[in-house]
Amino acid sequence: MVTCLGDLFYPEVGERIVRLLRRLGVAVEFPAGQTCCGLPLFNSGYHEEAATVARRTVRLFDGDTPVVVPSGSCAWMVKHEYPGLMKDAADRAAATRLAARTWELSQFLVRGLGRSRFVAAVRGRLTYHDSCHLLRGLHEAESPRVLLRALAGAELVELPNADECCGFGGSFAVRLPDVSSAILDRKLAAVEASGADCVVACDAGCLMQMRGGLGRRGSRVRALHLAEVLDVEGEPS
C-alpha cells in the first residue's frame, strides 16, 4: 500500500521498498487503483465518507497476504479504524482480516521477516523522529531503532524529545499554521542540536513537514524515510 502522500510526493520511497523486499525474497504485488486510506476524512469528522473509502480499500486488498505500508498513520487507520467504520457484518469481517495482516514497514522487516541488519545508504550520524500514529497508535518505538542501531556505516544518535509531534498533524497544519510552525521549530531545533546529518521518519507527513522546515532554515540536515537509508544493494542479514 503506497499511500497517497507516497504516491504523489515520495514515489522513490515506494520504489525502494519494492526493491528492498524483493532482495529479501519477498514477492511484491502492487494493486492498481489505490487511493487515500481515508484518514483525512476520518480526522475531519466525515466518517461515512471515510467508510466508503475504507470499503473500497478492503476490497482492493482482498486476499491473505501481508500488506506493507510505509506510513504509521495509514497503517494505524487500516488496523484500528477500518473495522469500526463498517456497518455491514461481512464488510466488518473483511476489514478485520485486513487489519490483522497489515504491517508498517519497520514492523514487517523486524517482526514479520526477522531481519534487522542492513548496510547504510546514508553514511554519518542519523537520528530518529517518532511519528505520532506509529508511536501512540501502533505503540511502536523499537522496530525502527532496531534497524537504525544495527545499520552498518551509520551511527544512531537519540533525538531529544523524539516523541514530540513535528506539528504536521494532517489538516492541523493547514487549520492552525502558526501553532504547527511553532511545534515544528521546536522539533527542528532538537534535530540540529543532536548533531545528526539526517533525521529519519516512518511517515510521509512528518517528512513533508520537516523537509520544508529544514529547507527554509537553510539547514544541512536532511529528512529521509526509513526506506531511503536501508541499502538495497548491501548484504542484509
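Of all the listed residues (Arg186, Arg211), the sole one being in contact with a strand residue (DSSP E or B) (Cβ under 7 Å, 6 or more places away or on another chain) and among the charged types (D, E, K, R) is Arg211. Taking the stretch 88-181 and the helices (runs of 4 or more DSSP H) fully enclosed by it, the elements with 1 or more residues that are modelled with pLDDT under 95 and closer than 30 Å to Val58 by Cβ are at 172-175. Of all residues in the stretch 12-42, exactly one satisfies the criterion of being polar (S, T, N, Q) and crowded, with 16+ Cβ neighbours inside 10 Å, namely Gln34. Checking each residue of the stretch 228-237 against the condition of being part of a helix (DSSP H, G or I), within 17 Å of Ser106 (Cα to Cα) and either aromatic (Phe, Trp, Tyr) or within 19 Å of the chain's Cα centre (by Cα) (or both) gives at least one match. When Pro83, Pro66 are checked against the criterion of being touching a helix residue (DSSP H, G or I) at 6+ places or on another chain (Cβ under 7 Å), modelled with pLDDT of 95 or more and farther than 23 Å from Ala204 by Cα, Pro83 stands alone in meeting it. Of all residues in the stretch 65-80, exactly one satisfies the criterion of being of a type in the set (Ser, Thr, Tyr) and either part of a helix (DSSP H, G or I) or in contact with a Gly (Cβ under 6 Å, 6 or more places away or on another chain) (or both), namely Ser73.
Taken together, Leu184, Leu207, Leu214 contain a single residue that is crowded, with 20+ Cβ neighbours inside 10 Å, over 21 Å from Ser106 (Cα atoms) and outside the structural domain of Arg16 (by TED's automatic domain parsing), which is Leu184.
Scanning the stretch 129-142 finds one or more residues that are over 30 Å from Glu48 (Cβ atoms) and small (Gly, Ala, Ser). Taking the criterion of being out of contact with any Pro (no Cβ under 9 Å at 6 or more places or on another chain), aliphatic (A, V, I, L, M) and either in a helix (DSSP H, G or I) or at positive phi (or both), the residues of the stretch 192-208 that qualify are Leu207, Met208. Checked against (1) buried (at least 23 other Cβ atoms within 10 Å of the Cβ); (2) of a type in the set (S, T, N, Q); (3) under 20 Å from Leu135 (Cβ atoms), Thr57 passes all but a single condition, namely (3).
Scan the stretch 8-47 for residues that are among the aliphatic types (A, V, I, L, M) and closer than 18 Å to Gly169 by Cβ and jot them down. If the condition is that a residue be among the aliphatic types (A, V, I, L, M) and closer than 18 Å to Gly169 by Cβ, then Leu39, Leu41 are the ones that fit.
The values are calculated or read from the model by the stated rules, or taken from the named source; none is laboratory data. Source: prediction; values computed, not measured. Note that each Cβ is placed from the backbone with ideal geometry, even for glycine, and that neighbours are counted across all protein chains shown.
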